[in-house]
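**Q** Before I ask anything, here is the structure I am working with.
The values are calculated or read from the model by the stated rules, or taken from the named source; none is laboratory data. Just so it is clear, the model here is predicted, and its values are computed rather than measured. Reconstructed Cβ throughout: ideal geometry from the backbone, glycine too, with neighbour counts over all protein chains shown. To get the accessible areas, we keep the full protein, side chains included, count just its heavy atoms, and leave off ligands, DNA and RNA. Shrake-Rupley method; radii C 1.70, N 1.55, O 1.52, S 1.80 Å.
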Amino acid sequence: MSSEADYRLPRTVVPSHYDIAIEPDLSAASFSGSVAIDVVVGEPVSDIVLNSIELQIHEATVTVRGEVFEARTSLDDKTERVSLSLDTPLPVGNAVVNISFSGILNDKLHGFYRSNYTAPDGSSKTIATTQFEATDARRAFPCWDEPDLKATYSIRITVEEGLLAVSNAAEIGREVLDSGKTEVSFAKTMKMSTYLVAFIVGELEATDAVDVDGTPLRIIVAPGSMHLTPFALEMGAHCLRYFSDYYDIPYPGDKLDMVAIPDFAWGAMENLGCITYRETALLVDTNSATTAEKERVAHTIAHEIAHMWFGDYVTMRWWNGIWLNEAFATFAQTKCVDAFDPAWQSWLSFSSSRALSQETDALASTRSIEMEVASPEEANAMFDVLTYQKGSSVLRMLEQYLGEDAFRAGVTRYLKAHAYGTTETADLWRALAAESGEPVGEIMDTWIFQGGYPRISVTREGDDVILEQSPFRLIGEGDGKWKVPVLYRTGSGEGKVLVQDAPVAIPAADSVLINAGGEGFFRVSYEDDLRSDVLERMAELSATERYTFVSDAKANMLKGELSGSDYLLLVTSLSEETDRDVWSVAISGIGELNRVISSDDRPALQSFVAGLVSGKVDDVGWSVDPGDTDRERSMRGLLLKTLGTLGSDQEAIATARSLYTDLDSTEVDAEVADAALSIVAAHGDAAMFDDLIARSHAAETPQLTVKYLRAATQVADPDSAERMFRMVLGGDIRSQDSFWVLALLLGHRENGPRVWNLMMENWDATLDSMPPQNGRRMLDLIHYRSEPDVAASIESWFADHSITGGEAYTKQQLELMRVRVGLREREATSIGDALRSV
């Protein structure tokens, strides 16, 4: 088993500044370059070791006090290193390492890679762009590719006439070369890690710069997309101002470009001053987008700009600490978006992120948020639901326990104390403790260094209620103890308590609500009388508290402690519920039952769903009122979609089909159009599949392109599902989208088993159809394959096959599949019996 030491570079020679010259050849899909690295030699050495992979090294020299020494080079692909060997040991002090190199603009969406788009005139264009996190800067230039080895950068890019070049810092000069090409020079950056370096070249367009309190802000896009940039400019300006104020530190760069990349493996990347995005995460037509689509763009922009301080300005020392970068940015984005549009109620919507991570974290195969990381594959595997969603959830829980002002002051103290440096997790805890007076490290270590989370049992004892913790697991029993910060509310007011090993008594002669505010990362289990009391007072709870109550019930159903019929009984009590997110979590539980109920009994469940929501649908209708808020509009869309899909209501299906022709028209509300599309696709045939694919190709916004493609995965026609699978393998679907298309096909109730057989038959080709860092994500919905024979086939397959970097994720998905197998065993027929007896 590898260890961190196997992948860490020697500290005998370390960099302080890189001068990078790069020249891409877009037509040949290649590049050449040179780098002059100012280094500090800490002890006499004859060998300099740095990172390099997939590069051809042409020449290497080391200059000391004006004397140039030639170096012999040797590459080790396994450790992704290049060694420069000298005949004479270097003396202690300063030196300059000069290396010339060349490489390929790959199509794997990492390192320095190529991306393609279709221009408005129909021609195909290529751009060269970068994606270096976690460990792929070494694919673009030889470097000390570890986050704690920060340096400054001066970058020069040589481009053909008519091409735009951008990098991390502001452009400071241009020189036309004898070749006719132009060398573009950029200002020296702040001290930062290699994974944050960026350079992009192509036929691209930039908006006019907007001055945001002295910071020039631009959006850069492929031609034809300029009309989709206004919202990003507005949101970017808001974020820059919000975070400068929240952190009490000016923006650390000299400009900010936000660049839409046609082919991008992740959602976005926080390169200092040059943030890159998937097009769907940056560009949006607010007239045709749903609220969720606008929110996604807002949240992604806020997330990346939050990183400019928390991640770029101050960086984790090694990849075991990546959780803090990503968790904090996820937490901070929600605060920023909530300030941008409070009516969106972003913290309420955040509840779904917490619930998603709680599902994975309730497994035996979960992991601690922070854990040892050695290899590049292990670093990439850290970008998951536990890093982002669980990490941000426990930070939110901590903020609510400490108080927002103390938490914010602690964050500012932390950033100012470690400006331009690197940190360990404990550094943040110390800063928060200093501002709050609470034992933050003692509390948070129990959440960060062990997986899982507790359930707080609530029982009455006289005029007190007793709180006691135990591990919550979906299968079997868990272990572990946490220091649980619990907020509560009684008839006498609000309070907080830290639940540790021993039970805790709180005075509550009358009513009690545990997890007041709904932000705690734990489940709550009330004894019967107390639970009944909470149910009777549901209307008095906040929407987040109601969400958490229903989410706990859904988890208990998956665990087998609450029957499906009792869950449906709880859902029927929501007849007066008006909140979108509460309805969403309730409906998601019904969706779990829909996937396991027998085909004979499915009509009974459909009738139940139709009866549940039809009255609400009658109230809201298919038309929008002028005064409807975004949340009311999205609530309408959720109810309509539920009625037409889970409820299979014939009138809803007919109405959706009548709207289908004009779905792209601005006369049809975006939420209604989205619901109609989902309904039509769910009840579509091969002809509908063809039309959805054609609409995806012809779509004029990134959101519509993806929306129609996603809808095509939901057509319940097995031949169409196989055709789409073949489209993925044949390259007819962008590789950046392959993983989620396959995941949706695999998770489909009817088509999923056939798709699984196709994946086994074409395993290597399936993996080759997507960037290697996305491979594990095609298993996102494999846990829905709860059919006993299919589940057994999946278990058997993964006993002999693996996905590089996805080993832990695969174990988690298989365990989640076993949870659904258990749900099917319990509920496949019993839920139908219960529904018929009502």
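**Q** Quick check: residue separation of Asp77 and Leu164 times 0.36 nm, minus the Cα distance between them. What number comes out in nm?
**A** Contour length minus the Cα-Cα distance gives 28.0 nm.
**Q** What is the spin-label model distance, in nm, from Ala502 to Asp618 if the labels are put 7 Å beyond Cα along the C-beta direction?
**A** 5.8
**Q** So how much slack lies between Asp245 and Asn94, counting 0.36 nm per residue of separation and subtracting their Cα-Cα distance, in nm?
**A** Extending this stretch completely gives an extra 50.4 nm.
**Q** Given a Förster radius of 41 Å and the C-beta distance between Asp87 and Glu171 as r, what FRET efficiency does 1/(1 + (r/R0)^6) yield to the nearest 0.05?
**A** Here the calculated transfer efficiency is 0.50.
**Q** Under 15 Å from a label point 7 Å along Cα→Cβ of Asn106: give me every residue in segment 266-303 with its amide N that close.
**A** The answer is 266.
**Q** Same structure again: Out of Leu164, Pro142, Ile220, whose Cα points farthest toward the positive end of the dipole of segment 124-257 (charges: +1 Lys, Arg; -1 Asp, Glu; placed on Cβ)?
**A** Among Leu164, Pro142, Ile220, the one farthest towards the positive end of the dipole of segment 124-257 is Pro142.
**Q** Going highest first, how would you order 386-395, 766-775, 224-233 by mean Cβ packing within 10 Å?
**A** Descending packing order for the listed peptides: 386-395, 766-775, 224-233.
**Q** Taking just the alpha carbons, could you work out the radius of gyration and Dmax for segment 84-238, both in angstroms?
**A** According to the Cα coordinates of segment 84-238, Rg and Dmax are 18.0, 60 Å.
**Q** Rg (Å, one decimal) plus Dmax (Å, integer) for the alpha carbons of the chain?
**A** 27.6, 91
**Q** Here's a follow-up. Quick one: of Lys191/Lys811; Lys78/Lys150; Lys483/Lys641; Lys255/Lys811; Lys483/Lys559; Lys108/Lys481, which pairs are farther than 32 Å apart, Cα to Cα?
**A** Over 32 Å apart, Cα to Cα: Lys191/Lys811; Lys483/Lys641; Lys255/Lys811; Lys108/Lys481.
**Q** Ranking request for peptides 500-507, 674-681: highest mean number of other beta-carbon atoms within 10 Å first, then the rest in descending order.
**A** 674-681, 500-507
**Q** Please pull out the direction-averaged projected area of segment 350-434, using the convex hull of its alpha-carbon atoms, in nm² to one decimal place.
**A** That works out to 6.7 nm².
**Q** Follow-up question, since we're still on this one. Express in whole angstrom the spacing between the alpha-carbon centres of segment 251-323 and segment 181-207.
**A** 16
**Q** If you roll a 1.4 angstrom probe over the protein chains with everything in place, what fraction of the accessible area of segment 1-120 belongs to carbon and sulfur, to the nearest %?
**A** 48
**Q** Take every Cα pair under 8 Å in segment 543-590 that's 6+ residues apart, average their separations, divide by the length, and report that relative contact order as a whole percent.
**A** Here the relative contact order equals 53 percent.
**Q** What number does segment 535-641 give for Rg over Rh if you use C-alpha atoms and the Kirkwood radius?
**A** Taking Rh as the inverse mean 1/r over Cα pairs, Rg/Rh reads 0.98.
**Q** Here's something else I'd like to know. If you roll a 1.4 angstrom probe over the protein chains with everything in place, what fraction of the accessible area of segment 566-718 belongs to carbon and sulfur, to the nearest %?
**A** The C+S portion of the solvent-accessible surface of segment 566-718 is 48 percent.
**Q** Further, regarding this structure: In Å², and per residue, what accessible area does the chain have when probed at 1.4 Å with the other protein chains present?
**A** Per-residue accessible area for the chain comes out at 37 Å².
**Q** Quick check: the angle from helix 670-682's long axis to the longest principal axis of the chain, C-alpha only, nearest 10 degrees?
**A** Approximately 80 degrees, to the nearest 10.
**Q** Sum up the charges of everything whose Cβ sits under 13 Å from the Cβ of Asp263, counting Lys and Arg as +1 and Asp and Glu as -1, but leave Asp263 out.
**A** +2
**Q** Here's a follow-up. Sorting check: for 372-378, 532-538, which peptide has the highest mean count of neighbouring beta carbons within 10 Å, and how do the rest follow?
**A** Order by mean packing, descending: 372-378, 532-538.
**Q** Apply the Karplus parameterisation 6.51 cos²θ - 1.76 cosθ + 1.60, with θ equal to phi minus 60°, to every residue of segment 530-547 and state each ³J(HN,Hα) to the nearest whole Hz, in sequence, with x for glycine and proline.
**A** Those phi angles translate into 5, 5, 4, 5, 5, 4, 5, 9, 4, 5, 7, 7, 6, 4, 5, 5, 5, 4 Hz.
**Q** Follow-up. Report the full-extension gain for the segment Ser588 to Glu461: residue separation times 0.36 nm, less the Cα-Cα distance, to one decimal in nm.
**A** 42.2 nm
**Q** Further question: Rounding to the nearest 20 debye, state how big the charge dipole of the chain is about its Cα centre with +1 on each Lys and Arg Cβ and -1 on each Asp and Glu Cβ.
**A** The calculated dipole for the chain is roughly 660 debye.
**Q** Hey, quick one: spin label on Asn287, modelled 7 Å out along Cα-Cβ, who in segment 686-703 has an amide N within reach, i.e. under 17 Å?
**A** What the label zone holds, given the 17 Å backbone N cut-off, is 699-703.
**Q** Principal axis extents for segment 322-465, Cα atoms only, whole Å, descending order, please.
**A** Computed over segment 322-465, the largest-to-smallest principal extents equal 55, 36, 35 Å.
**Q** Next question. Treat each spin label as a single point 7 Å out from the Cα along the C-beta direction, and report the Ala654 to Ala792 distance in nm.
**A** 4.5
**Q** Any chance you could give the angle, 0 to 90 degrees and rounded to 10, that helix 718-729 forms with the longest Cα principal axis of the chain?
**A** The answer is roughly 20 degrees.
**Q** Output the 0 to 90 degree angle, nearest 10, between the alpha-carbon long axis of helix 752-761 and the longest principal axis computed from the alpha carbons of the chain.
**A** 30
**Q** What spacing in nm lies between the two simple spin-label points modelled at Glu750 and Ser32, each 7 Å away from Cα in the Cβ direction?
**A** 5.8
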